[in-house]
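Enquirer: Before I ask anything, here is the structure I am working with.
The values are calculated or read from the model by the stated rules, or taken from the named source; none is laboratory data. These numbers come from a predicted model, not from an experiment. Don't worry about glycine lacking a Cβ; one is built from the backbone with ideal geometry, like all the others, and counts go over all protein chains shown. Areas reflect the complete protein model, heavy atoms only, side chains present, ligands, DNA and RNA absent. Shrake-Rupley method; radii C 1.70, N 1.55, O 1.52, S 1.80 Å.
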Amino acid sequence: MVDDTETQRRANVVRGLLFLACPDAPSAALDSAAEGIVERSADQEPPTHAVLDARYLTRPRSADDPPRNLAGADLSGADLTGADLRSANLTRASLVDADLTDADLTHADLTDADLTRTNLTRANLTDADLTRANLTDAYLNRTKLIRADLTGTELTGTGLRWPWHRKSGRDVPRVNAEAEAEALRQARPRVPALFGAELAWATRAGDMRKIAELIEPLPSWPTRQPLLQAAQWLTSLTVSTRAADSAGVERQFTDAVRASTDSAVAVLSTAVVNLVSAAIHFGNQWGELPVESRRVLQMDAHLLDQISKAASVLHHSLGLAVAMGRPGNQALQNLHAFDNSIRGHTPPP
């Protein structure tokens, strides 16, 4: 005997399949057809007639059609480019490896959804609920996450951090609305986490023009110059590591340098998120920041300074390794020192 929970699960799966087959069908047609198919599949005898509700799938969707109900649907690997999923119910849905480029997910409910490796390039997730969603390794290039609820969201591999989120259905209070508006105009993109992701991407890609473009409008606080300097040295390390690979330097060493550089880029991303977030919340005046916020930014500046110094020395070692065809003992020591700088194992200022 199939219980109600299993019946609902089957209906969710079938509804998702019908949506993929008939993306322009009315929402009510998807619901009734899915329920009819599941009801017929539960019979003991083979079906003797068609599921009549399915005939409505061919009707065009109207402008006032209700939002999609795709709760629990399996949309893994689906091509949903440009899909209209405004206010859609996608709770517990699987969107693993799906392509949602340019999709409109405004106000969508993605609670507990699995978006592992999902392509969300330019997707609009404004006011979306991503509570406990899994975005591991999701591609978030120019994705709009304005006011999105990322409480408990898994962001591993996205390069994003989210230090503030909604609480009890309200945004964290802003201290100065006018300063926030000015900071938002200066800090492009508007979401601090996306700013950090763009800086991380530009650093890994070696795009110094983009790095300068991102950092230049930031408030001239103690963190800004160390951010630029660290990004420059990490970019140089990335380029040098590729050169060392091409020159035949043993891969074990270059892979270790590459992994350490990625860790340093993550620190860089977090530091810029902290800076942009502080500017949005408290304005551009250093003296108006709370003491704790200034302390965090000063610690970030010191950590970035240490990373820059260690990266510059390791960069020189990579050059010698290319010339010699192998890393010497000093290069290994410099790599160890670089790792320590990333962990903050240096004397405080």
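Enquirer: On the basis of being at pLDDT below 90 and under 21 Å from residue 217 (Cβ atoms), does residue 278 make the cut?
Expert: In short, yes.
Enquirer: Consider segment 106-132. How many of its residues are in a loop (DSSP other than H, G, I, E, B) and either touching a helix residue (DSSP H, G or I) at 6+ places or on another chain (Cβ under 6 Å) or more than 13 Å from residue 84 (Cα to Cα) (or both)?
Expert: Residues that pass the stated criteria total 17.
Enquirer: Further question: Looking at segment 284-291, is at least one residue in contact (Cβ under 8 Å) with a residue 24 or more places away in the chain, acidic (Asp, Glu) and open to solvent by 90 Å² or more (accessible area, probe 1.4 Å)?
Expert: Within segment 284-291 (the criterion being in contact (Cβ under 8 Å) with a residue 24 or more places away in the chain, acidic (Asp, Glu) and open to solvent by 90 Å² or more (accessible area, probe 1.4 Å)), the answer is yes, since at least one residue qualifies.
Enquirer: Continuing with the same structure: Taking the stated definitions as given, is residue 315 buried (at least 18 other Cβ atoms within 10 Å of the Cβ) and within 28 Å of the chain's Cα centre (by Cα)?
Expert: No: the conditions fail for residue 315.
Enquirer: I'd like to verify a number: residues in segment 236-256 that are β-branched (Val, Ile, Thr) and open to solvent by 20 Å² or more (accessible area, probe 1.4 Å), how many?
Expert: 2
Enquirer: Additional query: Can you tell me which of 278, 264, 259 is without any contact (Cβ under 8 Å) to a residue 60 or more places away in the chain and either touching a Cys at 6+ places or on another chain (Cβ under 6 Å) or surrounded by 17 or more Cβ atoms within 10 Å (Cβ to Cβ) (or both)?
Expert: The match here is 278.
Enquirer: Just need a number here: residues in segment 208-256 that are part of a loop (DSSP other than H, G, I, E, B) and at negative phi.
Expert: 11
Enquirer: A further question on this structure: Within segment 291-349, which residues are more than 26 Å from residue 279 (Cα to Cα) and acidic (Asp, Glu)?
Expert: If the condition is that a residue be more than 26 Å from residue 279 (Cα to Cα) and acidic (Asp, Glu), then 339 is the only one that fits.
Enquirer: Hey, among 297, 303, 228, which residue is open to solvent by less than 10 Å² (accessible area, probe 1.4 Å) and not charged (D, E, K, R)?
Expert: Checking each option against the conditions leaves just 297.
Enquirer: Just the residues that are of a type in the set (A, V, I, L, M, F, W, C) and out of contact with any Pro (no Cβ under 8 Å at 6 or more places or on another chain), please, taken from segment 249-270.
Expert: 256, 257, 259, 264, 265, 266, 267, 268
Enquirer: Next up: If you scan segment 138-159, which residues turn out to be open to solvent by 40 Å² or more (accessible area, probe 1.4 Å) and either in contact with a His (Cβ under 6 Å, 6 or more places away or on another chain) or not in a loop (DSSP other than H, G, I, E, B) (or both)?
Expert: 139, 144, 151, 154
Enquirer: Then there's this: Can you tell me how many residues in segment 108-124 are in contact with a Lys or Arg (Cβ under 6 Å, 6 or more places away or on another chain) and of a type outside the set (S, T, N, Q)?
Expert: 2
Enquirer: Same structure again: Give the number of residues within segment 199-210 that are surrounded by fewer than 22 Cβ atoms within 10 Å (Cβ to Cβ) and of a type in the set (A, V, I, L, M, F, W, C).
Expert: The total comes to 4.
Enquirer: Is there any pair with a first residue in segment 299-321 that is of a type in the set (S, T, N, Q) and a second that is not in a helix (DSSP H, G or I) whose Cβ atoms are under 6 Å apart and which are 6 or more apart or on different chains, and what are they?
Expert: 306/346
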